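The values are calculated or read from the model by the stated rules, or taken from the named source; none is laboratory data. These numbers were taken from a predicted model, which means no experiment stands behind them. As a convention, Cβ positions derive from the backbone with ideal geometry for all residues, glycine included, and neighbour counts pool all protein chains shown.
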Amino acid sequence: MLKKSILAVLTLFVLTACGNKNDELSVEERQKIIDEGTVGFETNGGKITKAENIPSNEEKAILAAFNEYIAAFNEEDIDRYMQMISKNPKGFKYEEEKEYTTEVFEQTDAKRDVKDTTIIKYSENEAQVHTNMIVHFMQIKPKVEHESTGQQVTVFVKEDGDWKVTSVFYIGDDTKSSTGK
């Protein structure tokens, strides 16, 4: 029972912008989001394909925004983290994200390790960043460690000239849990 509750908390943790409410969407609603271009990525023989025609300055700005989003989370700096979140997100509510993330920082030690980060979709006002991710998560009381590997697509929008996170989609590959003494 304890592992199930921790897995549920971790799932919520990862899907919030992780405050995405994808679990509440029907299959048809999820497909509509993908069809409308809110999120999606193409693989070429299992390989992620980089979006074409990204201006160099925009590519640098998007990747810098993504790196700051991950670093602020890993350093548990709520103010810095919320600066990376859109004030009008599509995948979650701003204030709920702040409350939830504050709670995560208080009750857990969580880190996101990313690799193979690629901009997979780009337009002047929206970018999608795909990454392979390992989430290391330790609930403080009771002491339970959990690790999840997967792929994440972070959707950014341009807001007042800066790239901000508007939604996050995570597909987990596998998970491992253990309890500490």
Restricted to the range 131-175 and to residues being free of Cβ contacts under 8 Å to residues at least 24 places away in the same chain and of a type in the set (A, V, I, L, M, F, W, C), the residue surrounded by the fewest Cβ atoms within 10 Å (Cβ to Cβ) is 171
ask   = Mind checking whether some residue in the range 135-143 is over 14 Å from residue 70 (Cβ atoms), modelled with pLDDT of 90 or more and in a strand (DSSP E or B)?
value = yes
Across the range 67-107, the tally of residues that are surrounded by 15 or more Cβ atoms within 10 Å (Cβ to Cβ) and part of a loop (DSSP other than H, G, I, E, B) stands at 7
Within the range 110-130, the count of residues that are surrounded by fewer than 14 Cβ atoms within 10 Å (Cβ to Cβ) and either not polar (S, T, N, Q) or not in a loop (DSSP other than H, G, I, E, B) (or both) comes to 3
When every residue in the range 158-181 that is more than 21 Å from residue 79 (Cβ to Cβ) and not in a strand (DSSP E or B) is compared, the one modelled with the highest pLDDT is 180
